[in-house]
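One structure is given here, and the rest of the page talks about it.
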Amino acid sequence: MKLKYTITSILLWTFASFSLVAQDSWMMHLNSIHQGYINPAYIPSHTFELSLASMGGDFNTGSLKLGDFVSRSSDGINTVSLDALSANVKEKIPVGLYGTFNTIDLGIKAGRFNIFAGQGIHYELYTSLNPTLIGIAAHGNVDYIGQTVDLGMPGGVSIYQKWYAGLSTQIGNLNIGARLNYLNGWYDMRTVKNKINLTTGAEYYELTIANDIEIKNAGIIKYNGSIEDIDIKESIDRFETYFTKNNGVSIDMGVDYQLTSSTGFFASVQNLGTINWSDGASSLTSQQTTTLKGVDIESVIDGNGTESIEDSIYDAFNLVETPGSYNASTSSRYQAGIYHQSNAMKYSGLATLHQLGGSGYYGLFLQASRRLGNNFSLGFNYNIRKSSYANVGLLAELSLGPFQAFVCTQNIWSLFQPFNLQGLSGRFGGSLSF
């Protein structure tokens, strides 16, 4: 097996992961149950509101553009260049993915209180690009003779379902709301320790790999005693496995204060909680030091090394598996903003922070939408994200009697200029109100 293919696959899978912002900022402009996606203090304007499923996701490649490491030939074939990627990644870049598929959401007015319930599927993925690892994958270790460098990359992926129930109410000019979420985990894998030190000796080109690795795993891989013998576990495709033994709890809280009849302020925190992963859970660890002489990593990566050297490098990363449960925090979101309604226009400004994998992803949004006739609304926003300062978003909403449908994005230009892509975020969905 050529190590280059393995490393390239890992890096490409990482770039398919992206980095996130809050795609739900537009929910403040919807007069439907979807507004509860960003603030649990939402007060329904109808007696009965039902979402008809909704899907949303976020990504952002930070300062990198797709065209920085992908090129298209005259034949229309896209090519990924590790050399170009290495030239453009000069520091560690946190990246991640967050998204939801909201299967159903229900809101009912009951006197002074508003009752909410629903179910959705959440997915999270994060890592941090390591420029040294990418550089060695592209050019080998010749530039690091006599040095010790860190090749570790933290990472994690988690998929779980959320069942929630909550209340909101109005007290004078203040709306408050809270939700209790039962979490049931499907898959999880994350690094707890990711230290991989590589030392290249100057005298005999001696290569020393010192590891201190710990990976928590529940339901994603089956480790068969060697990193060359790892199986991806089968998907959950039978009803009896829809619920697992991985249980957790999180909470959502929000407030909305009316400053005037047309202006208000809101703040919310969502998904503060943990999941206990116990269904087939284990820890994979490696604490060892391996020394090889006369090894040029570039030759090994290109597939020109001997089989024994490749085997020795694989052996340096062999893991010891220990069964056992573990607790892991869910990614939390924080939002605050102000809004103003003026006839057919609505304006809002929001600040968001999303905690994922030990990194914080922020977003700043200025938004405006207008009602066009009785059935259609159109909105635009300007938003700032880390290393990305020129993003224009779009909201389109259609209302036909009790039915509402919407689609929104945070960077419409990326759809038309894919090689300048630095991020794309969006959601679509529908609802019924009576």
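The values are calculated or read from the model by the stated rules, or taken from the named source; none is laboratory data. The shown structure was predicted, so the numbers you read here are calculated from the model rather than taken from an experiment. Cβ sites come from the backbone with ideal geometry, for glycine too, and all protein chains shown count toward neighbours.
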Restricting to the range 67-98, name every residue that is touching a residue at least 60 places away in the same chain (Cβ under 8 Å), in a helix (DSSP H, G or I) and touching a Ser or Thr at 6+ places or on another chain (Cβ under 8 Å).
82
In the range 148-165, what count of residues is obtained for those that are of a type outside the set (S, T, N, Q), more than 18 Å from residue 207 (Cα to Cα) and not in a loop (DSSP other than H, G, I, E, B)?
9
Do we have residue 107 as in a strand (DSSP E or B), under 30 Å from residue 262 (Cα atoms) and under 28 Å from the mean Cα position of the chain (by Cα) here?
yes
If residue 50 meets every condition in (1) modelled with pLDDT of 85 or more; (2) out of contact with any helix residue (DSSP H, G or I) (no Cβ under 8 Å at 6 or more places or on another chain); (3) outside any loop (DSSP other than H, G, I, E, B) apart from one, which number is that one?
(2)
Residue selected from the range 190-202 under the condition surrounded by fewer than 18 Cβ atoms within 10 Å (Cβ to Cβ) and among the hydrophobic types (A, V, I, L, M, F, W, C), by the criterion farthest from the chain's Cα centre (by Cα)
202
Residue list for the range 358-367, restricted to those being buried (at least 23 other Cβ atoms within 10 Å of the Cβ) and within 13 Å of the chain's Cα centre (by Cα):
361
What's the total number of residues in the range 134-147 that are outside any loop (DSSP other than H, G, I, E, B) and touching a residue at least 60 places away in the same chain (Cβ under 8 Å)?
6
Have a look at 95, 89 and point out the one that is crowded, with 18+ Cβ neighbours inside 10 Å, more than 30 Å from residue 50 (Cβ to Cβ), in contact with a helix residue (DSSP H, G or I) (Cβ under 9 Å, 6 or more places away or on another chain) and modelled with pLDDT under 80.
95
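Name the residue, out of 331, 377, 414, that is over 24 Å from the mean Cα position of the chain (by Cα), small (Gly, Ala, Ser) and surrounded by 17 or more Cβ atoms within 10 Å (Cβ to Cβ).
Working: 331 fails: over 24 Å from the mean Cα position of the chain (by Cα); 414 fails: over 24 Å from the mean Cα position of the chain (by Cα).
So the residue among 331, 377, 414 that is over 24 Å from the mean Cα position of the chain (by Cα), small (Gly, Ala, Ser) and surrounded by 17 or more Cβ atoms within 10 Å (Cβ to Cβ) is 377.
Looking only at the range 339-348, which residues are in contact with a strand residue (DSSP E or B) (Cβ under 6 Å, 6 or more places away or on another chain) and loosely packed, with under 15 Cβ neighbours inside 10 Å?
344, 345
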The lone exception for residue 352 - which of (1) in contact (Cβ under 8 Å) with a residue 24 or more places away in the chain; (2) among the hydroxyl-bearing types (Ser, Thr, Tyr); (3) surrounded by fewer than 21 Cβ atoms within 10 Å (Cβ to Cβ); (4) within 27 Å of residue 420 (Cα to Cα) it fails:
(3)
